[in-house]
Amino acid sequence: MNRIPERNRPLVILGASLVVVILVAGGVLLTGQLGPPPSPPPSSPRPTESPSADPGSSPEPAVRAFLDALIHARRTDDPSLLEPHVTNRQSSAYRTVAAFLEGQREAGKAAITTVLELEAVRVDEMGDTAELTATLLEAGYDIDLATGGPLESPVTLEPRELVVELKRVDGSWKVDTFETRPTGAPS
């Protein structure tokens, strides 16, 4: 039996440790990372039904087009993407989103939406105004605005009730106001 003399044992352990560190470092350099390759960020979800060729032709496609624009606006903190879908820049809908995105931009973050679905959609039209109510299902995560890197793990929000007021402007439905509240909350 070959035994390592007591006085050489620390040198052997140090040498073996050094070999392991070199092998791990070489592996990291060859693969470029320690873990599995990162998965690409999920593509932007679309509201459950795609808008028609003219999203302003009726209230529901108008709201879905607004939500689709909101997904893209949150990714870049650019509220101007909503302009084609709101009554005007002074509308509550535009100003609410613009203020939220300004706060996000000041904090140096944006957001990726991974889920945005409407369920139990109901539309009540009253001449040139309409109200859409639905259950809103939403998930996503914040990203660093400069690098696009995630700042948190994906978060799924509790279902909320979405209430959207629309107006017909030049023959096309546009979002004027919206609010979300816990499902079952009094109107």
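The values are calculated or read from the model by the stated rules, or taken from the named source; none is laboratory data. These figures come from a predicted structure and were not determined experimentally. With ideal geometry, Cβ positions are generated from the backbone for all residues, glycine too; neighbour counts draw on all protein chains shown.
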message = I need a count of the residues in segment 157-179 that are surrounded by 14 or more Cβ atoms within 10 Å (Cβ to Cβ) and under 17 Å from residue 60 (Cβ atoms).
response = 16
message = If I ask for residues that are touching an Asp or Glu at 6+ places or on another chain (Cβ under 7 Å), in a loop (DSSP other than H, G, I, E, B) and acidic (Asp, Glu), which ones from segment 133-184 would you list?
response = 152
message = Among the residues in segment 122-132, are any free of Cβ contacts under 8 Å to residues at least 40 places away in the same chain, in a strand (DSSP E or B) and closer than 23 Å to residue 77 by Cα?
response = no
ask   = Out of all the residues in segment 69-118, which are surrounded by fewer than 20 Cβ atoms within 10 Å (Cβ to Cβ), of a type in the set (D, E, K, R) and either in a helix (DSSP H, G or I) or in contact with a Pro (Cβ under 8 Å, 6 or more places away or on another chain) (or both)?
value = 75, 83, 95, 102, 105, 106, 117
message = Exactly one condition in (1) at pLDDT 75 or above; (2) outside the structural domain of residue 149 (by TED's automatic domain parsing) is false for residue 43; which is it?
response = (1)
